[in-house]
Amino acid sequence: PAPDIAHLVMLQRKRKFAIRAQSQIDRSIESLIASILGFRIDATEKDRKAVFAKAKAHRLAVEKGKDNTEAGDTINDFRPMILASASSRAVWDEIREDAEKQMETEAKRLPIYAWSEGVRGLGAKGLAIIVAEAGIAIGDYRTISGLWKRMGLAVIGGRSQRRVKDKAG
């Protein structure tokens, strides 16, 4: 199964990159829309979130082809950019979906797949992601603790694993 795992790792990297690209594209156009809607850095967090919620709603409305006349002419001038953004995101959607299909196919070849079918909520894609994130065959870890640490589930000094800004924290 080692070649299958290496392929799963590569596909997961491709999948994660596509997801990040999709997110960056969405957040970038929403930031532009929010600035047009009057986003202010000195506003309260509640008000900033409200402006971004409106920006997202506007982006989605434009992408679905809905007429958004109440948004005003200024923001509607950006309609072509919103559509271009959606078009570029579609490329990444396709790349992600292709990687996920391949991952599901690879997962079904793993010896553990027959067992995983009996686990409610764990499909081929989920199994593929777990195996890919482990990086190597799960049985090749020296200890179960090593696998837990790799997956971000370790207990270190009596506390659950987490990122800290400094070593004292």
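Note on the chain: dipole from Cβ charges, positive end direction compared against Gly146, Ile33, Gly65; the farthest Cα belongs to Gly146. GNM on the chain, alpha-carbon springs under 10 angstrom: the most fluctuating residue among Ala90, Ala132, Ala124 is Ala90.
Given a 10 angstrom Cα cut-off, can you work out which residue in Gly146, Gly126, Gly157 is the most mobile in a GNM of the chain? Most flexible of the set in this elastic network: Gly157. Working note: Karplus 6.51/-1.76/1.60 with θ = phi - 60° gives the range 83-89 the couplings 5, 5, 4, 5, 5, 5, 5 Hz, where Gly and Pro are set to x. Loop-resident trypsin sites (Lys or Arg not before Pro) (DSSP state other than H, G, I, E or B) in the range 1-47 with no more than 11 further Cβ atoms inside 10 Å of their Cβ: Arg40. Between the alpha-carbon centres of the range 8-54 and the range 102-169 there is a gap of 28 Å. Using +1 at the C-beta of Lys and Arg and -1 at the C-beta of Asp and Glu, which of Ile95, Val9, Gly118 has the Cα lying farthest in the positive direction of the dipole of the range 1-135? Working it through, the farthest residue towards the positive pole turns out to be Gly118. Surface composition of the range 106-159: carbon plus sulfur atoms hold 57% of the accessible area, using a 1.4 angstrom probe and ignoring ligands, DNA and RNA. Quick check on the chain: helices-only [θ] at 222 nm, where DSSP H runs of length 4 and up contribute -39,500 (n - 2.57) each and the sum goes over total residues. Nearest 500, please. Mean residue ellipticity at 222 nm (helix-derived): -21500 deg cm²/dmol. Highest GNM mean-square fluctuation among Val62, Val51, Val155, for the chain modelled with Cα contacts below 10 Å: Val155. Of the trypsin sites (Lys or Arg not before Pro) found in the range 82-162, those in coil by DSSP whose Cβ has at most 13 other Cβ atoms within 10 Å are Arg109, Arg120, Arg142, Arg162. With the simple model of a label 7 Å out from the Cα in the direction of the Cβ, Ser23 to Lys108 spans 3.0 nm.
Remind me, relative contact order of the range 1-100 in percent, using alpha carbon pairs under 8 angstrom and six or more residues apart? The value is 44 percent.
Annotation: per residue accessible area for the range 1-142 equals 62 Å², rounded to a whole number [probe 1.4 Å, protein chains only].
The values are calculated or read from the model by the stated rules, or taken from the named source; none is laboratory data. None of the values given here were measured: they were computed from a predicted structure. FYI the Cβ positions are ideal-geometry reconstructions off the backbone, even for glycines, and counts take in every protein chain you see. Keep in mind that these areas ignore ligands, DNA and RNA; they rest on the heavy atoms of the full protein, side chains included. Shrake-Rupley method; radii C 1.70, N 1.55, O 1.52, S 1.80 Å.
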